[in-house]
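Bear in mind these aren't lab numbers, they're just calculated from the coordinates by the rules spelled out. From a predicted model like this one, the values you see are computed outputs, not experimental measurements. No Cβ is skipped: glycine too gets one built from the backbone with ideal geometry, and neighbour counts run over all protein chains shown.
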Amino acid sequence: MSYRFSHLRTTLLCSLICLLLSNLPAALFVQAAPASQTLTLANPILFVTQVPIVADFTTIGSTFGNHLGQMNAVGRGGDLWIRYPDGALKNLTAAAGYGIATGLQAGPNAIAVRDPAVHWSGTKAIFSMILGAPTKQYDYTVQDAVWQMYEITGLGQNQTPVITKVPNQPAAFNNVSPIYGSDDRIIFTSDRPRDGAAHLYPQRDEYELAPTVSGVWSLDPATGDLRLLNHAPSGDFTPIIDSFGRVIFTQWDHMQRDQQADADDDDSLGDNQCNDAGNRYGTFNYSDETATAAYTLGVRGEVFPEPRGCRQDLLVETNLQGHDFNQFFPWMINQDGTEGEILNHLGRHELHSYIERTFTNDDNLVDYYGQLNRFNPNPILNMFQIKEDGQTPGRYYGVDAQEFGTHAAGAIVSLDAPPTVNADHIQVTYVTTRTTTDDPNHPGLFREPLPLSDGSLLVVHTADSGEEAGNNVTNSSYEFRINLLTQGADGYWTAGAAITSGITKTLSYWSPDDLITYDGVLWELNPVEVRARPAPPLTRAPALGAPEQQMVTQAGVDLATLQNYLVQNNLALAVVRNVTERDDFDFQQPFNLRVPNGVETLNPNQPGVIYDVAALQFFQGDQLRGLTGCCDTEPLTGRRVIAQYLHDPAAVQANADLLADSPTGRMTVAADGSVAAFVPARRALTWQLTDGVGVGIVRERYWLTFQPGEIRTCPACHGPSEKDQAGNLPVTNAPQALLTLLQAWKGQQNGQPTVTPTPVITPVATMTPVTTPVTTPGATPTPGFNQRLFLPVTKR
């Protein structure tokens, strides 16, 4: 019997244990600080202990795929702890009746714990916990145990803690990184599929086709109201609510073609350089997202974005550079999921050190490698585990770590990005040194910076400066401990005093194939400060801008009626004022743009090629990519998201009168450069700007999510942070495309029935393999390779 079906029995047993333990004195579970422990903190620190896991691919400490509950991903034997200001420690889960003190971690009371977050009142906390471990060798009954969310009260030194499972959460899925919203909704990440369909589980990432969380979710535990705030094809991680009420999180941005599919493609010409090792993955496409979708093994076409750089067989005789894309950047959304974008409209051009141009035959386009002057002199590759400094609102600390080998540990960085600061004026600060790993003075590696209310800074630290070098399951070369940071004479910060003397445990658990043993110091992870603080403002979608409101009024449309229609049909409305405007620092994609017989925006210092833009092409993220593994013909569970031409029935019908090309989702650009389109909500979307025959010009590099009823506007595609390529400030024109779209929509509503709401499982557009005909130097690029567009919010 699967473990999850015995949940009632487990709950009753745990409740009985908790009842018995609740009569024990709270002091029984408090450990006094050792005499050598003189570190005094202003407030208690909540944290977890974790059995070390050497493997660093989709395990508990990994940069991605760390949400899994299988025994090889997270051992059992960790606990939720609190460290009081005087140094005393209390094992909270043990005091509440959970966990096994020592020895074999087996049965329903074996636990692992992660991700505590403190309520605004400072009197309770929420965290994720997994229950259950095998009782004997080859016991697979708990392999599908999942992380679930729990609340704990009674955090005081002389109180007995009580742990309660959060009601109405997705019961069959991993729910991790929970936090409290300003209105006490719970915001968290989960591997629940976008629409809850079991046959789409798990969502597989865009890199390794490994299971990932599907995005950021919001739950009202009292009513069970569950909302997907952000759909992320490769995953979102560790959300927080900042002092301005924004949800800040790390998103894995990896929108590129499937590297496993590239490896699977036969290469009769010898120019596919994606699979030198000869590996096979068995990738293929389902015909749609339904459970009964047809498929043909080996059929794996993709339509967006352009091929990766190793696919020279597809790039030969084109003007395309090849596209590889992989980063973990800070993102923000409102608490209702609207207005999603990279933090303060930041992007690669502000944060990265190298960006390739998209076309090889336009001398205006250049690779960026740091040669151009910019405000931020300190590049980063990634930013994990973000926390805001309570003393300096808008200052965010995070970790710049590599993807593999260091358990998401690296160097501490910070940046100041309150809502009023433009991306062109944000600078990264290197808090810890960037010295190489072979430096004898290397300070070690850091995770999870935590700014405290007294101005000090805690971190999770290991003295190891290299990659994980452990030689079995739990014998890690890393010893993660929570330390204060101290500033050195060179201005960089290093690990100072530890907040504990080390928490040790002797334990074992079944893998379930093997008996895993551990006797030593546990990892200390996920520190948070226990203190009361005001709840931030509850952020929601802003009021409609004046230019857009003017068009709504001129069309004779009631805004409330329009938004109700959007909600009922699971749609949003995307509006761009002038697609010819580009950011003044992007020289990697075309920037001299013109609408035929309409507006143009040109860089006076770089005249060069002028590109005609006539349509904005939308793509929706559909879970179509399946795989069988190396040597089988039976599909594995789950699917990867790939881009498909916009085909959502409600969106297509509502857009019908303005679609330049219905099968490929291209919306006409108006003479003033504006575009407006109905788009599906709560599904990852992307887009590109094309010429009149569908040839791509400017290509979006990120996935975006819209909310039902959201009317999302932006001044321009790939909008300027401060000024556009001609030195202009962002435009404020009333978008004519919105007027035209609303007039057509109003006519539909007067003459036709309301569009039927989109089904939970939407059929998918036909997938056509991309061809690469030769393009002449200086001409626009190949049809099908349609360069990215920056629409409402993200950047570059």
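Some values worked out for this structure:
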item: Residue (of 572, 131, 692) at the positive-pole extreme of the chain, dipole from beta-carbon charges; result: 131
item: Mean ellipticity per residue at 222 nm, deg cm²/dmol - from DSSP H runs of n ≥ 4 across the chain, formula -39500 (n - 2.57); result: -2500 deg cm²/dmol
item: Whole-number percent relative contact order across the chain, with pairs defined as alpha carbons under 8 Å at least 6 apart; result: 15 percent
item: Gain on full stretching of the segment that runs from residue 538 to residue 296 - 0.36 nm per residue minus C-alpha separation; result: 82.3 nm
item: Residue exposure sequence - 350, 467, 388 - by fewest surrounding Cβ within 10 Å; result: 467, 388, 350
item: Added length on full extension, which subtracts the Cα-Cα distance from 0.36 nm per residue, residue 561 to residue 363; result: 66.4 nm
item: Proxy reagent accessibility, fewest Cβ within 10 Å first, across 558, 661; result: 558, 661
item: Relative contact order computed over the range 546-751 (Cα-Cα under 8 Å; 6+ residues apart), in percent; result: 34 percent
item: Distance (nanometres) between label positions extended 7 Å along Cα→Cβ at residue 438 and residue 746; result: 7.2 nm
item: Local electrostatic count at residue 124 - Lys and Arg +1, Asp and Glu -1, tallied over other residues with Cβ under 13 Å; result: -1
item: Exposed-site-free run, longest, the chain (rule: chymotrypsin sites (Phe, Trp or Tyr not before Pro); DSSP loop; at most 11 other C-beta within 10 Å); result: 370-796
item: Lysine pairs with alpha-carbon atoms under 20 Å apart, the chain, spacing 8 or more or separate chains; result: 5
item: Trypsin sites (Lys or Arg not before Pro) within the range 81-143, DSSP loop, no more than 15 other Cβ atoms inside 10 Å; result: 136
item: Of (i) 33.3; (ii) 37.0; (iii) 35.0, the label for mean projected area of the Cα convex hull in nm² derived from the coordinates; result: (i)
item: Inter-site label distance for residue 550 and residue 138 at 7 Å from Cα along Cβ, in nm; result: 7.6 nm
item: Distance between modelled label sites at residue 354 and residue 55, nm, 7 Å Cα→Cβ extension; result: 3.1 nm
item: Extension gain, residue 101 back to residue 227 (0.36 nm per residue minus Cα-Cα distance, nm); result: 41.6 nm
